[in-house]
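Just below is one structure, and these are the notes that go with it.
Every read-out reported here was derived from the displayed coordinates using simple, explicitly stated rules and does not represent laboratory data. Note that the structure is a prediction, hence the values are computed from the model and not measured. Every residue, glycine among them, receives a Cβ derived from its backbone with ideal geometry; neighbour counts consider all protein chains shown.
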Amino acid sequence: MDWRRVRTATVDDADAIGRIHVEGWQVAYRGLVPDWYLDGLDKVARAERWREALADPGNPTTVLVIEEAGSVVGVSSVGPDRDRDDPSVGELWMIYLDPSSWSRGLGRQLMEASVEELRRLGYCEAVLWVLDKNARARRFYEIGGWSNDWAEKEDDRRGFVLREVRYGRRL
């Protein structure tokens, strides 16, 4: 078995994905998102939402996981651009690693696989959205070949405002 590998997620990965998604938010967004929101995130509820999404044949995304020594340590999701009706543009919907796996090249490996999956799906370019004040993530994307295209949006669905900027790249 490979020590590190990226593969398509299955329903059996939902618990790990839910944990990584919540812990990723709690560590990466501390100081950027209200503590009350981060502290209230529920790994079990998030895992159940992932279980439903992974079982849904109509889900428009491809979910990838990266394993290290047989354990899922990261997740990404790619699919059509959610903001524009342009079949040539795909979107990296999310990418998260278990915080204990940061700064070891796993994020880069998962990003490369995600970009390759977007190419395989036939997209010519891709976009992603990132919190405007998330300097660590923005640096990660820029090193990976993504560029800020200066589009911005605000998301207030959670009871507070998240300001996001869009990055893009040719595939």
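Before moving on, here are some points about what is shown:
- Among the listed values (1) 18.8, 66; (2) 15.4, 45; (3) 17.5, 51, the one matching Rg and Dmax of the Cα atoms in Å as calculated from this structure is (2).
- Using a Förster distance of 41 Å, the FRET efficiency for Asp56-Trp3 (Cβ separation, nearest 0.05): 0.85
- Taking all Cα pairs closer than 8 Å and separated by 6 or more residues, the relative contact order of the stretch 52-113 comes to 28 percent.
- Here the gap between Cys124 and Glu154, fully extended at 0.36 nm per residue and compared with their Cα-Cα distance, gives a gain of 8.2 nm.
- Here the dipole of the stretch 4-170 is about 500 debye; that uses its Cα centre as origin and unit charges on the Cβ of Lys and Arg (positive) and Asp and Glu (negative).
- You can think of it this way: the chain between Asp132 and Asp85 has 14.5 nm of extra reach, that is 0.36 nm per residue less the Cα-Cα gap.
- Rg and Dmax over the alpha-carbon atoms of the stretch 92-171 stand at 13.2, 37 Å.
- Other-chain or far-sequence residues with amide H under 5 Å of Arg104's (modelled H): none
- Converting phi to 3J(HN,Hα) with the Karplus coefficients 6.51, -1.76 and 1.60 and the offset θ = phi - 60°, the stretch 19-29 yields 5, 5, 4, 5, 5, x, 4, 4, 8, 5, 9 Hz in sequence order, with x at every glycine or proline.
- Interchain or long-range residues, amide H under 5 Å from Gly74's placed H: Ile66, Asp98
- For Asp132, nonlocal amide neighbours, meaning residues 5 or more places apart or on other chains whose placed amide H falls under 5 Å from its own, are Arg163, Glu164, Val165.
- Electrostatic dipole magnitude of the stretch 44-138 [Cβ: Lys, Arg +1; Asp, Glu -1; Cα centre; debye, to 20]: 360
- Under the criterion of Cα pairs below 8 Å and six or more residues apart, the relative contact order for the stretch 4-170 equals 20 percent.
- Point-charge dipole on Cβ atoms (K/R +1, D/E -1) for the stretch 89-171, about Cα centre, debye to 20: 220
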